[in-house]
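Trainee: Before anything else, here's the structure in question.
The values are calculated or read from the model by the stated rules, or taken from the named source; none is laboratory data. Keep in mind it's a predicted model, so treat the numbers as computed, not measured. Don't worry about glycine lacking a Cβ; one is built from the backbone with ideal geometry, like all the others, and counts go over all protein chains shown.
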Amino acid sequence: MRIQPIHIAVSACALLSFTGCATKNYVRNQTAPILQQTDQLDQKTAENNRAIHDVNDRAQAGIGKAQQTADAAGQSAQAAQQSATTATATAQDAVHRASALADVVAGVDNYKPIGNVTVNFAFDKAELTRADRTELDGFAAKLQGAGHYILEVTGGTDSTGNVQYNYQLSQRRADAVVQYLASKYQISPRRFYLIGIGEDQAVGDNHTRSGRAMNRRVTIQILSNAASNGSAAGN
């Protein structure tokens, strides 16, 4: 039996139509979950972006607040430093400075030594060590029972280096002692008579290491005048 061409054509068209519909349905069924997952991913991404922006905003706010706190602390520290500098300058201005005690103390012969201590410094240094502070603490205890007194603070150096530099170094060493005693024991700066002698009045041989170490010193002496009215020493 012959199959008519027209029947074949109709059958082919029907088959193609059915196949096309099936393909579309298949694609739709396959892509629908993917599109749904994509929508969910987009939503999750948007939520993450909002969370990131929120965290960033809070972080920026925290940084700004921390910066404000740091700025305020810095200003407070600067003000404290200025106050300390002013107080130190005032104390230094109140200290009597001279080349000899007789130059500034009237009736110095009436003052008698009742105690002294010497602290030594490293080469080219003007900072007190822990051992130095311990020595000065023991010395300060003697002031509790003293009557009208003054403190003669004499700084010295060895002969190494420039003479003028050594004179300034001896002053810095004496200043370090005065500042320690004045600040820790509330001793009036006016009680101090500071003398920087540089490399003069050596107590050791500058040709030996041990002698030079002895000359790098500050000697503090308590001079008391029990009969004084206190006008020379201040309060």
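Trainee: Taking ALA131 and the conditions (1) in contact with a Gly (Cβ under 9 Å, 6 or more places away or on another chain); (2) part of a helix (DSSP H, G or I); (3) at pLDDT 85 or above, which numbered condition does it fall short on, given that it satisfies the others?
Mentor: (1)
Trainee: Related question: What are the residues in region 164-194 that are in contact (Cβ under 8 Å) with a residue 60 or more places away in the chain and outside any helix (DSSP H, G or I), if any?
Mentor: Across region 164-194, the qualifying residues are SER188, PHE192, TYR193, LEU194.
Trainee: Check whether at least one residue in region 196-218 is among the β-branched types (Val, Ile, Thr), modelled with pLDDT of 90 or more and under 31 Å from the mean Cα position of the chain (by Cα), and report yes or no. I'd like the intermediate steps shown before the answer.
Mentor: Of all residues in region 196-218, those among the β-branched types (Val, Ile, Thr) come to 197, 203, 208, 218.
Right, trim to modelled with pLDDT of 90 or more and you get 203, 208, 218.
Now restrict to residues that are under 31 Å from the mean Cα position of the chain (by Cα): 218.
Yes.
Trainee: Between VAL203, VAL218, which is of a type in the set (Val, Ile, Thr) and touching a strand residue (DSSP E or B) at 6+ places or on another chain (Cβ under 6 Å)? Lay out the reasoning, then the answer.
Mentor: On the way: VAL203 fails: touching a strand residue (DSSP E or B) at 6+ places or on another chain (Cβ under 6 Å).
Of VAL203, VAL218, the one residue that is of a type in the set (Val, Ile, Thr) and touching a strand residue (DSSP E or B) at 6+ places or on another chain (Cβ under 6 Å) is VAL218.
Trainee: For region 138-162, how many residues meet the condition of being assigned to a helix (DSSP H, G or I) and in contact (Cβ under 8 Å) with a residue 12 or more places away in the chain? Spell out how you get there, then give the answer.
Mentor: Residues of region 138-162 that are assigned to a helix (DSSP H, G or I), as a first pass: 138-145.
Pick out the ones that are also in contact (Cβ under 8 Å) with a residue 12 or more places away in the chain and you get 138-140, 142-143.
Residues flagged as assigned to a helix (DSSP H, G or I) and in contact (Cβ under 8 Å) with a residue 12 or more places away in the chain within region 138-162 amount to 5.
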